[in-house]
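Engineer: The structure's right below; bear with me while I get my questions together.
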Amino acid sequence: MYIVQVAMLQRRIGCAPDELDTPCLTLELSLLEHNIERMASLARGAGVALRPHAKTHKLVEVAERQLAAGSDGLTVAKLGEAEVFAEHGIGNLLVAYPLWGEQKWRRLCALAEQAEVRVAADSAQVCEGISAAAQAHGVVVAVRIEVDTGYGRCGVQDASEAAALAAVVERLPGLRLAGVMSFAGQTYGAPDGVGNAARSDAERLVEVASALREGGFDTPEVSIGSTPSAAHIAKLKGITEFRPGTYVFSDRDQAALGWGTLDDCALRLTATVVSRPTRDRAVIDAGTKSLSSDRATHADGWGTIVGHPSWALSWLNEEHGVIALPPGEDPSIGTIVEIIPNHACGMLNLHDWVAVVRDGEVRDWWPVAARGRVS
Ligand SMILES: Cc1ncc(COP(=O)(O)O)c(C=O)c1O
């Protein structure tokens, strides 16, 4: 009873966001809808299917809005995330991660009984494991060969490695070759511009897909992703699917790279000034436990404090955030601040609930259903 009362006090409805107990994640619904529609219309205009990466939000309510706006399905990084979305009736999922181990293969096949599932792979070993489990379960699992187009993470390195793996997939029972995919993480730090990095990612993947087709492998799906690439999607010829993630909230990183501006960032952390030890320092009740320790590409702080561009969130401990104040700025203890994070994705994994805001009022609370699903 006591716990229920506390939860009700913490999840107030009908108040302003700055009346909430802090630290607290807030989500501005109109900006969320704007970001979802903006990406959906870019993909529609380019004639490309959309499969948003749901690791960013982990929220069933956001997934449903993405699907309603025309997405074909979702991408996830973790099987556990896929299981949560499938439990909530989302029936088309790509696990964009190389899955290793009997338990994962069994879980993947159980998922394939519930939903239309694709999985990424870049090795014969992973494909062999999935194939054995698929035979035992009597399912067929669709495999996308992951290609490293320049990010330097997972993926086969060239068309001949892709062809060798495609031959393995075709030979193994219980598997179906669905296509190829890449992740253009290099668009984040591209020295010669996001557009060039996005183009080269798509060109390299399309080249591999063409080589596979010439080699007799059916390769219908050619999937790339990353929010920064989105502005260039119309120029990326030959791809069939786009998998952006962070666009849905946006953050300081994306605004700096050109996905809208800071005003388009839908996700904020509300925090309170709890200490003013010196004239030039304010301490807030939010540290890495609520903002994450992902500083992304920013050397100058851990987020933007809305309405106070001269205040620098200069360092974080687990529960403390230290704001460096310029002369003349004097927030009192109790001042509420709203922070736009450098990188939104890691934050959702830290919170049970998100306060949903429209027109300056908290209208709802959404549970972060897939948080903590790290395996
Ligand atoms: C495989 C894969 N696809 C798509 C994305 C989405 O990228 P972004 O968040 O830049 O939109 C990610 C992000 O890490 C990813 O790892």
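Engineer: On a full-extension model of 0.36 nm per residue, what is the gain between ASP218 and ASP18, subtracting their alpha-carbon distance, rounded to one decimal in nm? Present the calculation step by step, with values, prior to reporting the outcome.
Structural biologist: Numbers: separation 200, 0.36 × 200 = 72.00 nm, distance 5.47 nm.
Stretched fully, the ASP218-ASP18 segment lengthens by 66.5 nm.
Engineer: Here's something else I'd like to know. What is the distance in Å between the Cα centres of region 102-118 and region 297-375?
Structural biologist: Here the two parts' Cα centres lie 36 Å apart.
Engineer: For SER314 and ARG11, calculate 0.36 nm times their separation in residues minus their Cα-Cα distance, and state this gained length in nm to one decimal.
Structural biologist: Numbers: separation 303, 0.36 × 303 = 109.08 nm, distance 2.94 nm.
Gain on extension, SER314 to ARG11, equals 106.1 nm.
Engineer: Rounded to two decimals, what is Rg over Rh for the chain when you use alpha-carbon atoms and the Kirkwood radius?
Structural biologist: 1.01
Engineer: How much accessible area per residue does the chain have, in Å², with a 1.4 Å probe?
Structural biologist: On the way: 15550 Å² over 375 residues.
Result: 41 Å² per residue.
Engineer: At ASP192 and GLN125, where each label point lies 7 Å from the Cα along Cα→Cβ, what is the point-to-point distance in nanometres?
Structural biologist: 3.5
Engineer: So, one more: Can you tell me the relative contact order of region 24-150? Whole percent, Cα pairs under 8 Å, sequence separation 6 or more.
Structural biologist: Over region 24-150, the number comes to 17 percent.
Engineer: At ASP158 and ARG106, where each label point lies 7 Å from the Cα along Cα→Cβ, what is the point-to-point distance in nanometres?
Structural biologist: The answer from the label model is 4.1 nm.
Engineer: Quote to one decimal, in nm, the extra length available between THR278 and ARG358 on full extension: 0.36 nm per residue of separation minus the C-alpha distance between them.
Structural biologist: Details: separation 80, 0.36 × 80 = 28.80 nm, distance 3.62 nm.
That pair, THR278 and ARG358, stretches by 25.2 nm at full extension.
Engineer: With label points built 7 Å along Cα→Cβ from the Cα atoms of ASP294 and SER332, find their separation and express it in nm.
Structural biologist: Taking the two extended label points, one gets 3.7 nm.
Engineer: For region 137-174 and region 193-263, what is the separation of their C-alpha centers, rounded to whole Å?
Structural biologist: 19
Engineer: Taking the dipole about the Cα centre of the chain, with the C-beta of Lys and Arg at +1 and of Asp and Glu at -1, give me whichever of ALA230, VAL274, ASN92 is farthest to the positive side.
Structural biologist: The residue sitting farthest along the positive end of the dipole is ASN92.
Engineer: Residues in region 124-158 near a label at GLU113, defined as backbone nitrogen under 18 Å from the 7 Å Cα→Cβ point?
Structural biologist: Hits in region 124-158 for GLU113 at 18 Å: 130-142.
Engineer: Compactness ratio of region 226-335: Cα Rg over 2.2 N^0.38 Å, N = residue count? Working shown, then result.
Structural biologist: Details: Rg = 17.0 Å, N = 110, 2.2 N^0.38 = 13.1 Å.
Normalised Rg, Cα atoms only: 1.29.
Engineer: Can you send over the carbon and sulfur percentage of the accessible area for the chain, probe radius 1.4 Å, protein chains only? List each step's numbers first, then the result.
Structural biologist: Working: 7850 of 15550 Å².
Here carbon and sulfur together make up 50 percent of the probe-accessible area.
Engineer: Give me the dipole magnitude in Debye, nearest 20, for region 1-131 about the Cα centre, with unit charges on the beta carbon: positive for Lys and Arg, negative for Asp and Glu.
Structural biologist: For this selection, approximately 160 debye.
Engineer: Hey, another quick one. GNM on the chain, C-alpha springs below 10 Å: top fluctuator among ALA266, ALA209, ALA256?
Structural biologist: Its mean-square fluctuation being the largest, the pick is ALA256.
The values are calculated or read from the model by the stated rules, or taken from the named source; none is laboratory data. Bear in mind the structure is a predicted one, so any value in this text is a computation, not a measurement. Reconstructed Cβ throughout: ideal geometry from the backbone, glycine too, with neighbour counts over all protein chains shown. Each accessible area value is taken on the protein alone, full model and side chains, heavy atoms only, with ligands, DNA and RNA left out. Shrake-Rupley method; radii C 1.70, N 1.55, O 1.52, S 1.80 Å.
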